[in-house]
1. Considering each of B:V25, B:V8, B:V41 in turn, give the residue that is away from ligand 2 (no atom under 16 Å from the Cβ), modelled with pLDDT of 90 or more and touching a helix residue (DSSP H, G or I) at 6+ places or on another chain (Cβ under 6 Å).
2. Go through (1) open to solvent by less than 10 Å² (accessible area, probe 1.4 Å); (2) away from every other protein chain (no Cβ under 12 Å) for A:F222 and report which single condition fails.
3. For the range A:233-241, state whether one or more residues are within 29 Å of B:H154 (Cα to Cα) and open to solvent by 50 Å² or more (accessible area, probe 1.4 Å).
4. Is the range B:102-114 home to any residue that is within 18 Å of the chain's Cα centre (by Cα), facing chain A (nearest Cβ under 10 Å) and open to solvent by less than 10 Å² (accessible area, probe 1.4 Å)?
5. Within the range B:46-68, take every residue that is surrounded by fewer than 17 Cβ atoms within 10 Å (Cβ to Cβ) and more than 14 Å from every other protein chain (Cβ to nearest Cβ) and give me the one that is farthest from ligand 2 (Cβ to nearest atom).
6. Given B:G141, B:G82, B:G90, B:G67, which one is touching a residue at least 24 places away in the same chain (Cβ under 8 Å) and over 26 Å from B:E197 (Cα atoms)?
7. So, in the range A:199-219, exactly how many residues are over 30 Å from the mean Cα position of the chain (by Cα) and open to solvent by 40 Å² or more (accessible area, probe 1.4 Å)?
8. Looking for something within 14 Å of chain A (Cβ to nearest Cβ), open to solvent by 20 Å² or more (accessible area, probe 1.4 Å) and either within 11 Å of ligand 1 (Cβ to nearest atom) or part of a strand (DSSP E or B) (or both) - is there at least one such residue anywhere in the range B:69-81?
Amino acid sequence: MIGFLIQRILQALMVVIAMSIIVFLGVYAIGNPIDVMIDPASDQALREALIQRYGFDRPLFEQYFIFMNNMLHGDLGESFIYRLPVLNLILSRLPATLELALTAMLIATFLGIPLGLWAGYKPDSLSAKAIMGFSVLGFSVPSFWVGLLLIMVFAVELGWLPSGGRGPTTEVLGMNLSITSLEGWSYILLPAFNLALFKLGLLIRLTRAGTVEVMSSDYVRFARAQGLSESKVVGLHVLKNISIPIVTVFGLELGSTLAFAVVTETVFNWPGMGKLIIDSITVLDRPVMVAYLILVVFLFVMINLVVDLIYGQLDPRIRVKAAS
Amino acid sequence: MSDAVLRVNNLQTQFQTRAGALKAVDGVSFEVGRGRILGLVGESGSGKSVTGYSILGLIEPPGKIAGGEVLLNGKDITRLRGDAMRQVRGAQIAMVFQDPMMTLNPVLKIGTQMIAAVRAHDRVSRKAARARARDALAKVGIPSPDERLEAYPHQLSGGMRQRVAIAIALLHNPAVIIADEPTTALDVSIQGQILAEVRRLADETGTAFVWVTHDLAVVSSLADDICVMYAGRVVESGPADDVIASPRHPYTAGLLASVPAEHEPGTKLPQVPGSTPSLANLPQGCAFAPRCAKAGPACTTTPPVQHFEDGRTALCHYPIEPVSCQPLSLTSTTYRSAS
Ligand SMILES: Nc1ncnc2c1ncn2[C@@H]1O[C@H](COP(=O)(O)OP(=O)(O)OP(=O)(O)O)[C@@H](O)[C@H]1O
Ligand code: SF4
Ligand SMILES: [Mg+2]
C-alpha cells in the first residue's frame, strides 16, 4: 500500500513537471507581454527597464528555472494587471468556484445515480425512456444556451431566483461561502444546476449502462436464486459494482468542473476562477495564466491520485495487482 | 412414489421471439423424493437450465411459464408472485449454477455474500449469520472457513468457489437443490470429491437434488433416477441403473453407445450423429426423427409416452426392447448409497 502510494506520488510529480514545461513554453509562444503591458507611446528606456525587471531578456530555460525556483518557494509571480501575488489572486477566487463545482457535482450525483439505476432496472419502461431522453439533452444542448434559458424562466419570467452574481457570503474556515445561508442558495442554485446538467446526463448514462450489465449477470441471478429481495440485489450487488466507473468519472468531472466552469461563471456572472482566467487571457496577464494552468494540472493529478486510492478500496482485484 | 418433495407436472416455458414462441421446455414432468438425486441429462440446448430457472421462477421476459405446475410438497409454486416466491427461493428450493467463476460477485467478500443470503430469510444478527455461514463452509469441506469468509472470490480456486456456492445453497436446509452442471468446469478429481460430498449431504440431510449434467458417467455414479431431455421434452425416464443397463429410447441408446466402457468422469457427453435441431423449426412429430436409426412411418406424428415396468417411460413410437444381459457399468466409482 505504501509502495503503491509512493509510486503514484512520484508519477504525479513527473506529470506536474512535464506540464509546467509545456504550459511555460505554450504561454511563451503567445508573444511578448510587454507590448500589452505598457502604453505603446512610452519610451524605449522604460521598456528596457521593464524587460529587465521581469527577466524577459534572459534565455528561455533560465526564465523557466527562475520561475520553478520561485514556485517551489510558494511564489508564483505577480499579476501584471492587478499587481497582486498571483497565488493570492487565484486562491481568493477558489472558494466561489469550489462551492459552485461541488454543489453541481452533488446535484448530478444525487439525481443522476437514482435516475440511472431506475432506467437500468426497468429499461423498457416509459419512465426509463423519458430519463434517457433527458440525459441526451443534458449533454448535447450547449451549456450557455441552457444557462440563458434558466435565467429567462426562473429569474425573468417567474422571478423566483436572482439572475446572477453571488449574493451574500459568510466566512467559514477562512473561505467566503454562500451555501451557508438560504439567500446564498438562491444565488447558487441556477448556476449549479446549469453546471450539473452535463454531468447529470453523463452519470445517468453511466449508471444505467452499469446497472443493465450487472442485472443480467450470473451473480445477480444467483443472488435472486438465494431469495435476496430486489432492493438488496440493487443496493448490494449493483451499487457496489457500478461504483467503480462512477468514482472514476466523478473524479475526472470534478477536476474539469473546477477548472473549466468558465461558461457558466460567465453567463451567471459568478466571480470564480473561470472568470478570472478568461479576463487574464484577454489582457495576456501571463503570470495568472501560467499559475492557473499549473494549479489546474496539480488539481487533476491530485484528484486522480485520490480516485486511484478509492478505486483500490472498491475493487479487490486491483489491490492484488498493486501488491504483487 | 407419492412422497415426492418436488413434482414437476407438464411444465411449459416459452420465449417470445420474432419467429414466434420458442418452446424451450415443452411438457416436462418428473419428481424427486426426499434424499434422492435425479440426473437431468441432455445435449446443449435441450432445455435443462430453462427447466431449472422455471422451477425457481427466475424466467425473465421475453420468457414465461406458459403452463403446467411445480409442486413443492404438494403446493403449486408457479402461482406465487413477488415476495411469496422470494421466500421460497433459497429457503425451500436452492440452485447452484454451472460456472463457479461467474456466480459470485467479484467485488464482494464471500462473507458479505453469505451473510446476505442468510439474512434474506432469517432475521438474525450479522454475527449469528456469520457463524452460520462459517458452519456451512465447514460442512462442504472447506478448510479454515473463517479465513475464507474474508476472501474475495478471485482468491479461491474454481473448486473452492463451487463449494462456496453449494454451501450457500445449503444455508437454509432447503428441501430441494437444483444443481445446474456444477462440476462441468472443474477437473476430474475435484469433481469426484464434490460428488461424494453431495451424495453424503443428500443421505444425511434428506435434501433432494436435481443434478443437471452433460455427463452420463456422473449420472450413472451419482443419480438414483434419470430424466433424458431432448428439444425441451423428457424422452426417457426411470431408475438410473435400469436406464443405463437397458435404454428404451433410441436417443438414450445413442448417447450410451458412444460412451467408452471406462468413461472418465468429466469428459463431455458423447455425440450422437447429426446435430441438435433448432427450436424454431422442429420437425413434425418426433423431434429426434432426422437422427433416429429406428424411425418409421409413425414418427411423423407426435410420439406417445410409453409406460414400462419399474415406473420407466419413453417418448417413442418404437421403443427398444428391454435387454436382459449383464448390467453395463460406465464407471468403476459410484457415489450412490448402498440402499
Ligand atoms: N432468454 C432466452 N431467450 C430466448 N431463448 C432462450 C433464452 N434462454 C434460453 N433459450 C433457449 O432455450 C433453449 C434451452 O436452453 P437451455 O439453456 O435450457 O439449454 P441447456 O439444456 O441448459 O443447455 P446447456 O447444456 O448448453 O446449458 C435453447 O434453445 C435456448 O436457445
Ligand atoms: S418416435 Fe420414431 S423417430 Fe422418434 S425416437 Fe422413436 S423411433 Fe425414433
Ligand atoms: Mg444449461
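1. After ruling out the rest, the residue left standing is B:V25.
2. Unmet condition: (2).
3. Looking only at the range A:233-241, we keep the residues that are within 29 Å of B:H154 (Cα to Cα), and these are A:233-241.
With open to solvent by 50 Å² or more (accessible area, probe 1.4 Å) added as a condition, the list becomes A:239-240.
Checked against the condition, which is being within 29 Å of B:H154 (Cα to Cα) and open to solvent by 50 Å² or more (accessible area, probe 1.4 Å), the range A:233-241 yields at least one hit.
4. The answer is yes; a qualifying residue exists.
5. By that ranking, first place goes to B:K64.
6. Exactly one residue qualifies, and that residue is B:G67.
7. Number satisfying all stated conditions: 2.
8. No.
The values are calculated or read from the model by the stated rules, or taken from the named source; none is laboratory data. Everything numeric in this text was worked out from a predicted model, so none of it was measured. Cβ coordinates were reconstructed from backbone atoms using ideal geometry, including for glycine residues, and neighbour counts include every protein chain displayed. Ligands, DNA and RNA are stripped out before the accessible areas are found, and what is left, the full protein with its side chains, is counted by its heavy atoms. Shrake-Rupley method; radii C 1.70, N 1.55, O 1.52, S 1.80 Å.
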